[in-house]
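Colleague: One structure, as structure tokens, below. Some questions next.
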Amino acid sequence: MNPASSLPALLALLVCGAATANPADCGVYVRTNPGGDYTNPEDRQGLGVVEQYHFTKNVENLVRGASGSVGDDLHYTLSHFPNHHRALLAMARLALRQKTSRPSGAAYTVDCYFERALRFAPADTTLRSIYGSYLLAGGQSEAALAQLREAVRRDPNNATVNYNLGLMYAKKKDYTQALAYAQKAYALGFGLPGLKNKLIAAGRWQEPPAPESPAPVPTAVPPVPETPPVQEAAPAG
């Protein structure tokens, strides 16, 4: 499974208390080479170098660091690619393990890493979805809702962000909104049934209305064939 796909379930376990970061305390991202936007194909050309030496499988899975501690390597990765989704997820998991908002080896709190990423890549809807889940885990439901609303506003046809926003509304027991975003997510092809099951359990699930059949296109009336000439029978002789 893609580590990012398990994010809502994982961050639901976070109890270390996320706190919104003060941007002034989070430093300024200085673009380096390699580095840049994790979602930009051109910037990602240098991603392999960073990941090979600092974001190995052992680092991502919090087993051991590659060049220093796990926190050191995650910080290095996020210093080059501030919106690196999997590195942000790993940093959040490390905070959970250490029961702190600033894991050892990290230069900033987890919230600061998200704040830096958002300042650099405000249009990254996956990033906003990840941050929304993290904020929700810390009990900041309104801040989380704001991130997910913005993600949907920027990318209204993204099935995952619609689903995550629906989950948020279901948690708040706003089932009207939860249903609307659930139906949108499933219409866009989202495959997990969790949100639908929550709405069924609450007695609020409704199948979306069937799409109206398009009006039949009138076909051109074929011309009436001419009556073939009748050959008169020759008179009997």
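The values are calculated or read from the model by the stated rules, or taken from the named source; none is laboratory data. As the structure is a prediction and not an experimental result, all values here were calculated from the model. Here the Cβ is made from the backbone with ideal geometry for all residues, glycine too, and neighbour counts use every protein chain on show.
Colleague: For the stretch 192-218, give me the residue count where each residue is modelled with pLDDT under 95, of a type in the set (D, E, K, R) and either within 27 Å of the chain's Cα centre (by Cα) or surrounded by 10 or more Cβ atoms within 10 Å (Cβ to Cβ) (or both).
Modeller: 1
Colleague: Just to be sure before I move on: is Arg86 over 23 Å from the mean Cα position of the chain (by Cα) and of a type in the set (Lys, Arg) in the structure I sent?
Modeller: No: the conditions fail for Arg86.
Colleague: Follow-up. Do you know which of the residues in the stretch 163-177 that are out of contact with any Pro (no Cβ under 8 Å at 6 or more places or on another chain) and within 19 Å of Thr125 (Cα to Cα) is surrounded by the most Cβ atoms within 10 Å (Cβ to Cβ)?
Modeller: Looking at the filtered set, the residue picked out is Gly166.
Colleague: Looking at Arg204 and the list (1) within 19 Å of Leu136 (Cα to Cα); (2) assigned to a loop (DSSP other than H, G, I, E, B), which single condition is not satisfied?
Modeller: Exception for Arg204: condition (1).
Colleague: Is at least one residue of the stretch 63-70 closer than 25 Å to Pro156 by Cα and at pLDDT below 95?
Modeller: No, that holds for no residue.
Colleague: Which of (1) at positive phi; (2) of a type outside the set (D, E, K, R); (3) modelled with pLDDT under 55 is the odd one out, the single condition Val224 does not satisfy?
Modeller: (1)
Colleague: Also, quick follow-up: So, in the stretch 48-62, how many residues would count as being touching a Gly at 6+ places or on another chain (Cβ under 8 Å) and either part of a loop (DSSP other than H, G, I, E, B) or at pLDDT below 95 (or both)?
Modeller: Qualifying residue count, the stretch 48-62: 0.
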